[in-house]
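Below you'll find the structure, written out as structure tokens, and then a few comments.
The values are calculated or read from the model by the stated rules, or taken from the named source; none is laboratory data. Since this is a predicted model, take the numbers as computed values, not measurements. We place every Cβ from the backbone using ideal geometry, glycine too, and count neighbours over all the protein chains shown. Side chains are part of the model used for accessible areas, which takes the heavy atoms of the whole protein and leaves out ligands, DNA and RNA. Shrake-Rupley method; radii C 1.70, N 1.55, O 1.52, S 1.80 Å.
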Amino acid sequence: MILNKVEKANIEPRITLVGAGPGDADLFSLKGVKALKTADVVLYDANVNEALLCYAPEGIPKVFVGKSTDDEDYAQDAVNKLIIDYALNYGHVVRLKSGDPFFFAKGYEEIDAAESYSIPTEIIPGISSATGAPSLQKIPMIYKELSESFWAITGTNSKGELSEDLYTAAKTKATIVILNGIEKVEEIASIFQAENKGLLPVAVIQNGSTLEEKIEVGTVDTITEIVKDKNISAPALLVFGDVVSLHPKFNAIRDFYEAEARAY
């Protein structure tokens, strides 16, 4: 339930949703820094680099609102109400969301809730890990004859099931980036195997752009084993596509298959 607005002089409720980027604080935008400097409250998610909080004024509330329940719909509803409550009682709320606030981040839900209370809102985009993490590893989304388009797909939908779009995407030559799918990597790989793409290059990137970043490359046929052997877990994304063959680590895999072919 939204609390009644506290009567304070000069309170002007407004909300700024800011994309915090994939994790490296140096990738944060200048416009995001300017927003934080004018904040009365900061609400931030899990996977947001807490070093960014130093840009906000000292002494203001800085509230962690990472999901604390398995019921995602309930958690998001609670966050929406909290943002509105802080705006009405404090003024300028800066809502830090990892990546980009409109890219698999439920930014629209928060803006829609705020505007239902006639609270002014603003969006400051951020670098999504879907494109930022592969770019930092020099994996392009589109490159010459290797790929002419790319898909960004959530690995699991709101019901916890594999996205239907995966089945369509696997039939294309596009680069396919899959977020929130590392726990279902075996099922996802089987979709590509059903399209006879067992040798398609795959990269898995964990904690992209951070000091804990880890990248492994393989193929559709080997990626499940690689994820298990290297203990890769969330937050991580998968990149399926011929563009992964441009990564230096793929040279060893290419040499292996060429040696196997010569042996026969």
### Task
Tell me which residues, restricted to region 1-22, are modelled with pLDDT under 95 and either among the β-branched types (Val, Ile, Thr) or crowded, with 22+ Cβ neighbours inside 10 Å (or both).
Ile2, Val6, Ile11
#### Entry: Considering residues of region 38-66 that are among the aliphatic types (A, V, I, L, M) and outside any loop (DSSP other than H, G, I, E, B) only, the residue surrounded by the most Cβ atoms within 10 Å (Cβ to Cβ)
Val42
### Summary
Within region 106-131, the residues that are of a type in the set (Val, Ile, Thr) and open to solvent by 20 Å² or more (accessible area, probe 1.4 Å) are Thr121, Ile123, Ile127, Thr131
### Query
If we keep just the residues of region 108-131 that are within 13 Å of Thr16 (Cα to Cα) and part of a loop (DSSP other than H, G, I, E, B), which is nearest to the chain's Cα centre (by Cα)?
Gly126
### Query
Does Ala203 count as under 25 Å from Asp26 (Cβ atoms), open to solvent by 20 Å² or more (accessible area, probe 1.4 Å) and part of a strand (DSSP E or B)?
no
### Message
Quick check on my filter: what residues within region 132-180 are open to solvent by less than 40 Å² (accessible area, probe 1.4 Å), hydroxyl-bearing (Ser, Thr, Tyr) and not in a strand (DSSP E or B)?
### Response
Ser163
#### Entry: Residues satisfying the stated conditions in region 206-235, i.e. in contact with a Lys or Arg (Cβ under 8 Å, 6 or more places away or on another chain) and either closer than 11 Å to Ile182 by Cα or open to solvent by 60 Å² or more (accessible area, probe 1.4 Å) (or both)
Gln206, Lys214, Lys230, Ile232
#### Entry: Counted residues, region 181-200 - those being open to solvent by 40 Å² or more (accessible area, probe 1.4 Å) and either within 11 Å of Gly241 (Cα to Cα) or touching a residue at least 60 places away in the same chain (Cβ under 8 Å) (or both)
2
### Task
Restrict the check to region 124-142 and report whether at least one residue is modelled with pLDDT under 95, under 14 Å from Ala236 (Cα atoms) and not assigned by the TED database to the domain that holds Lys97.
no
### Query
So Ile84 clears everything in (1) in contact with a Phe, Trp or Tyr (Cβ under 9 Å, 6 or more places away or on another chain); (2) part of a helix (DSSP H, G or I); (3) within 21 Å of Ser209 (Cα to Cα) except one condition, right? Which one?
(3)
#### Entry: Subset of region 102-120 [at pLDDT 95 or above and touching a Leu at 6+ places or on another chain (Cβ under 7 Å)]
Glu110, Ile111
